[in-house]
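See below for the structure under consideration.
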Amino acid sequence: VKQNSSKSNQSDGTLTRHLPDIIIIGVRKGGTRALLEMLSLHSAVAAAQSEVHFFDSDAHYQNGLKWYVSQMPLSRTDQLTVEKTPAYFTCLDAPARILRMNPSVRLLLIVRDPVDRVLSDYTQVFHNQLQKHKTPQPIEDLLIRDGDLNLNYKAVNRSMYHPHMERWLQVFPRDRFHIVDGDALIRDPFSEMKKVERFLRLEPQITEENFYFNQTKGFYCLKEKGHEHCLHESKGRTHPNVAPEVLQKLCKYFQEPNRKFFELVGRTFDWK
Ligand code: A3P
């Protein structure tokens, strides 16, 4: 039973769609799908399975809130609705639009070592291009321009968490956000999900038995009511080998943005 004061704790079993109580706003390749699936283990959570892209797409946004609600899952009155669209984090319009939709919405942000995130972002685009029968560029060509780190490369910009977070904090107070450590979610999903449960004031329900390490996948998979499942094969992919001097450049570059992000959110992360 969910502990949300704004709604009744009793459910008469009627299923309806409603605006989200929780939004996973990013970051892209941070582990947003894992977070959504793990949160769905909780019986008081109903999750939209596809990325809705309502607040970052003008075309969708113009459809209005009725359309947005129609994209939400059916839920009981005692459930919280959650949607995840990682593109919201870097979208200039998203914070104010979300505030207008529901000023008391709770925001989940999952971050990951920015260097790993760049490699994961590259790997995602690499696979998308192969699917479209295009030839992907080598990562070094994208990362390096005239001997320097190419700051115009989108994957690098998206890993600079602090300017994006700064914009969000101009719109929502800090206590409206819970930041999930994406690297910790990989290593120890149970502990990280307990923190999420606490932030959302959900009755503790997710247990260690909900997770088991799958050697073949190399990641934790989920177990629910005797049913086991791992994330899609596109999650947990091998990253390209990058020349050590390029990796070093990346790590060095991110030190200052990382420090600013830690200061902004009032905590640190164990990043390279
Ligand atoms: P990689 O595929 O680069 O390893 P998103 O869902 O936001 O796109 O994030 C994808 C990332 O989620 C994966 O990136 C992977 O590292 C991470 N992840 C976290 N927990 C996972 C899990 N239990 N199974 C698979 N991937 C997981």
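Observations, loosely collected:
- Residues in segment 113-161 that are at pLDDT below 95 and of a type in the set (Asp, Glu): GLU140, ASP141, ASP146, ASP148.
- The residue that is surrounded by the fewest Cβ atoms within 10 Å (Cβ to Cβ), counting only those in segment 25-52 that are farther than 19 Å from VAL111 by Cα and not hydrophobic (A, V, I, L, M, F, W, C), is SER50.
- When restricted to residues that are within 16 Å of the ligand (Cβ to nearest atom) and surrounded by fewer than 17 Cβ atoms within 10 Å (Cβ to Cβ), segment 146-158 contains 1.
- Counted residues, segment 74-94 - those being more than 17 Å from ARG106 (Cβ to Cβ) and either assigned to a loop (DSSP other than H, G, I, E, B) or hydroxyl-bearing (Ser, Thr, Tyr) (or both): 7
- Unique match (being closer than 17 Å to LEU108 by Cα and not acidic (Asp, Glu)) among HIS133, HIS232, HIS227, HIS162: HIS162
Residues checked against (1) at pLDDT below 95; (2) near the ligand (Cβ under 8 Å from one of its atoms); (3) closer than 16 Å to GLY31 by Cβ:
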position: ASP188; (1), (2), (3): no, no, yes
position: MET193; (1), (2), (3): no, no, yes
position: LEU200; (1), (2), (3): no, no, no
position: PRO204; (1), (2), (3): no, no, no
position: GLU209; (1), (2), (3): no, no, no
position: LYS223; (1), (2), (3): no, no, no
position: GLU228; (1), (2), (3): no, no, no
position: LYS235; (1), (2), (3): no, yes, yes
position: HIS239; (1), (2), (3): no, yes, yes
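- Segment 159-272 holds helices (runs of 4 or more DSSP H) entirely within its bounds, and those carrying 2 or more residues that are exposed (fewer than 12 other Cβ atoms within 10 Å of the Cβ) and among the charged types (D, E, K, R) map to 244-265.
- Hey, LYS217 more than 23 Å from TYR88 (Cβ to Cβ), within 13 Å of the ligand (Cβ to nearest atom) and touching a Phe, Trp or Tyr at 6+ places or on another chain (Cβ under 9 Å) or not: no
- Filter result (of a type in the set (Gly, Ala, Ser) and outside any helix (DSSP H, G or I)) within segment 95-128: SER104
- Here VAL180, VAL265 are screened, and the one residue that is at pLDDT 95 or above, within 16 Å of the ligand (Cβ to nearest atom) and of a type in the set (A, V, I, L, M, F, W, C) is VAL180.
- Residue list for segment 219-253, filter: more than 20 Å from the chain's Cα centre (by Cα) and touching a residue at least 12 places away in the same chain (Cβ under 8 Å): LYS223, GLU224, GLU228, PRO240, VAL242, ALA243, VAL246, LEU247, LYS249, LEU250, CYS251, TYR253
- Considering HIS127, HIS60, the condition of being over 22 Å from ALA34 (Cβ atoms) and either touching a residue at least 60 places away in the same chain (Cβ under 8 Å) or away from the ligand (no atom under 16 Å from the Cβ) (or both) is satisfied by HIS60 alone.
- Of residues in segment 103-124 being surrounded by fewer than 19 Cβ atoms within 10 Å (Cβ to Cβ) and farther than 18 Å from TYR153 by Cα, the one nearest to the ligand (Cβ to nearest atom): VAL105
The values are calculated or read from the model by the stated rules, or taken from the named source; none is laboratory data. All of these numbers come straight from a predicted model, not from anything done at the bench. As a convention, Cβ positions derive from the backbone with ideal geometry for all residues, glycine included, and neighbour counts pool all protein chains shown.
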